[in-house]
Amino acid sequence: MKVLHLIRSLKKAGAEKICIDICTELNKRKDIQVLLVSMSPENDFEKLTKKIPFTIINSKVFPSISGKSVIETMEYEKILDDFKPDIVHSHLFWSELLAKQCLRDNITYVSHCHDNMREFDNFKLDSVFSKMKLTALYEKRWILKRMKKCKNHFITISKDTTDYFNNVLPREMRNIYFLPNAINVKTYLKPENYKKKNKTLKLMNIGRFAKYKNQQFLIDVAKELDNRNVKFKMYLAGKGTELNNVKLKAKKLNTQSVLFLGNIDNVENYLWESDIYLHSATYEPFGLVLIEAMAAGLPVLTTNGTGNVDVMEKDKNGYILPENVHEFCNKIDELSKNKTLYSRLSKYCIEYSKKFDIMNYTDRLVYFYNQILNERT
């Protein structure tokens, strides 16, 4: 079996990380040939991509309602001719456009729905007054026509994402396979007898700085902890368009205990040094980083981002809390003082995370691949 994974870029984010993890695991299977293809030279995972078959192409497709479509597919089509994949597994919307522009009768197509792709939103009357929404409607009709032609398959990652695509896809196109995300659990398990470098309470958050990630709220939490004279450090890792705004808020509120790490490698080392994982996103399609934190033994305090509720079990691996500074701080205080409670949650987190190991995930994915290939025969 030959499987081509197609993605827009390899910037440091959840969809890109699991794409690489999938390709890494598939590459270990003797009966599978895998090729990862990126549409951009941007690569925050250079060490990992050196270990798998990987190439970069200069191909893109942008259908336009004005008739000024951009269609550059030569390099991608050469990859198809040379590699001859049985399956093209595409990640994120830009790669969907390229994959569906270059349909081949002998290829089975899979779309990985890492979130609720808003390009598939149902038509609303106000769309006629918005150029952006009209463009999205045109793109949706364009791509659905091609997906129907190739009998496209969809992988969804959470109940929320599954519900979304069941709602926006025509009934005859709902070829949906539910497969929650996964991590390489071994990477995040603490070594035996690991000891923190110091006993200061450490709070961790990892993610792209975007408005919906809502790190601004975590600065409010930090300020309240300062007001309560709690000794702690809050580490915020990642980059993005909202980073400067969050830094400015931290400076304005004079929260000396907040440290900005930028993009980090060896995430597990930072998790091992931390005590509690904080997650503040207003929308989270799954929450891969929550599983990583749990594997490292960190209880999770999170807001309800819809998709992430699938991985939370109250009083077992953490808590879903309202976006309320005092409730977050109260729970941080409880976990830091109640060692019995903390230990119970930490141990459960580790065991719970093993349900999401990449090896088991890949077994299910390969089963799915074989199933959809057999449908063609």
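The values are calculated or read from the model by the stated rules, or taken from the named source; none is laboratory data. Not measured: the values here are computed from a predicted model. All Cβ positions, even for glycine, are placed from backbone atoms using ideal geometry, and neighbour counts span all protein chains on display.
Quick grid of which residues meet (1) out of contact with any Cys (no Cβ under 9 Å at 6 or more places or on another chain); (2) in the same structural domain as residue 202 (by TED's automatic domain parsing); (3) among the charged types (D, E, K, R):
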site: 272; (1), (2), (3): yes, yes, no
site: 275; (1), (2), (3): yes, yes, yes
site: 286; (1), (2), (3): yes, yes, no
site: 294; (1), (2), (3): no, yes, no
site: 321; (1), (2), (3): yes, yes, no
site: 326; (1), (2), (3): yes, yes, no
site: 341; (1), (2), (3): yes, yes, no
site: 366; (1), (2), (3): yes, no, no
site: 372; (1), (2), (3): yes, no, no
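For residue 222, state whether it is within 24 Å of residue 297 (Cβ to Cβ), in contact with a strand residue (DSSP E or B) (Cβ under 6 Å, 6 or more places away or on another chain) and either crowded, with 17+ Cβ neighbours inside 10 Å or not assigned by TED's automatic domain parsing to the domain that holds residue 296 (or both). Talk me through it step by step, then tell me what you get.
Values: within 24 Å of residue 297 (Cβ to Cβ): yes; in contact with a strand residue (DSSP E or B) (Cβ under 6 Å, 6 or more places away or on another chain): yes; either crowded, with 17+ Cβ neighbours inside 10 Å or not assigned by TED's automatic domain parsing to the domain that holds residue 296 (or both): yes.
When the stated conditions are applied, residue 222 passes them.
Would you point out the residue of region 25-40, among those that are more than 20 Å from residue 97 (Cα to Cα) and polar (S, T, N, Q), that is farthest from the chain's Cα centre (by Cα)?
Step one: filter region 25-40 for residues more than 20 Å from residue 97 (Cα to Cα), giving 25-34.
Going one step further and asking which of them are polar (S, T, N, Q), we end up with 27, 33.
Details: 27: 21, 33: 24 Å.
Once the filter is applied, the top-ranked residue is 33.
May I ask you to list the residues in region 240-283 that are β-branched (Val, Ile, Thr) and over 21 Å from the mean Cα position of the chain (by Cα)? Reasoning before the result, please.
Of the residues in region 240-283, the ones β-branched (Val, Ile, Thr) are 241, 246, 255, 258, 264, 267, 276, 282.
Answer for region 240-283, where residues must be β-branched (Val, Ile, Thr) and over 21 Å from the mean Cα position of the chain (by Cα): 246, 255, 258.
Could we say that residue 95 is in contact with a Lys or Arg (Cβ under 8 Å, 6 or more places away or on another chain) and polar (S, T, N, Q) here? Walk me through it before giving the result.
Values: in contact with a Lys or Arg (Cβ under 8 Å, 6 or more places away or on another chain): yes; polar (S, T, N, Q): yes.
Judged against the criteria, residue 95 is a match.
Output the number of residues of region 80-104 satisfying the condition of being assigned to a helix (DSSP H, G or I), more than 11 Å from residue 6 (Cα to Cα), among the hydrophobic types (A, V, I, L, M, F, W, C) and in contact with a Ser or Thr (Cβ under 8 Å, 6 or more places away or on another chain).
Looking only at that region, the number is 0.
Might you let me know whether region 53-63 holds any residue that is in a strand (DSSP E or B), in contact (Cβ under 8 Å) with a residue 24 or more places away in the chain and closer than 24 Å to residue 180 by Cα?
Among the residues of region 53-63, not one is in a strand (DSSP E or B), in contact (Cβ under 8 Å) with a residue 24 or more places away in the chain and closer than 24 Å to residue 180 by Cα, which makes the answer no.
Being surrounded by 22 or more Cβ atoms within 10 Å (Cβ to Cβ), farther than 19 Å from residue 57 by Cα, within 15 Å of the chain's Cα centre (by Cα) and touching a residue at least 12 places away in the same chain (Cβ under 8 Å) narrows it down to one residue among 7, 22; which is it? Give the derivation first.
Details: 7 fails: farther than 19 Å from residue 57 by Cα.
Among 7, 22, only 22 is surrounded by 22 or more Cβ atoms within 10 Å (Cβ to Cβ), farther than 19 Å from residue 57 by Cα, within 15 Å of the chain's Cα centre (by Cα) and touching a residue at least 12 places away in the same chain (Cβ under 8 Å).
Among the helices (runs of 4 or more DSSP H) contained in region 221-330, which hold 1 or more residues that are more than 19 Å from residue 183 (Cα to Cα) and at pLDDT 95 or above?
Values: elements: 243-252, 267-272, 288-295.
Answer list for region 221-330: 243-252.
This table checks each residue for (1) part of a strand (DSSP E or B); (2) in contact with a strand residue (DSSP E or B) (Cβ under 7 Å, 6 or more places away or on another chain); (3) more than 18 Å from residue 357 (Cβ to Cβ).
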{"position": "6", "(1), (2), (3)": "yes, yes, yes"}
{"position": "17", "(1), (2), (3)": "no, no, no"}
{"position": "30", "(1), (2), (3)": "no, no, yes"}
{"position": "35", "(1), (2), (3)": "yes, yes, yes"}
{"position": "41", "(1), (2), (3)": "no, yes, yes"}
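Scan region 341-357 and tell me whether some residue there is more than 14 Å from residue 278 (Cα to Cα), of a type in the set (Gly, Ala, Ser) and surrounded by fewer than 16 Cβ atoms within 10 Å (Cβ to Cβ). Spell out the reasoning first.
Initially, region 341-357 is screened for residues more than 14 Å from residue 278 (Cα to Cα), giving 341-357.
Subsequent filtering for residues that are of a type in the set (Gly, Ala, Ser) retains 343, 346, 353.
Those left that are additionally surrounded by fewer than 16 Cβ atoms within 10 Å (Cβ to Cβ): 343.
Yes, region 341-357 has at least one match.
Out of (1) in contact with a Leu (Cβ under 7 Å, 6 or more places away or on another chain); (2) surrounded by 22 or more Cβ atoms within 10 Å (Cβ to Cβ), the odd one out for residue 290 is which?
In the conditions (1) in contact with a Leu (Cβ under 7 Å, 6 or more places away or on another chain); (2) surrounded by 22 or more Cβ atoms within 10 Å (Cβ to Cβ), residue 290 misses (1) alone.
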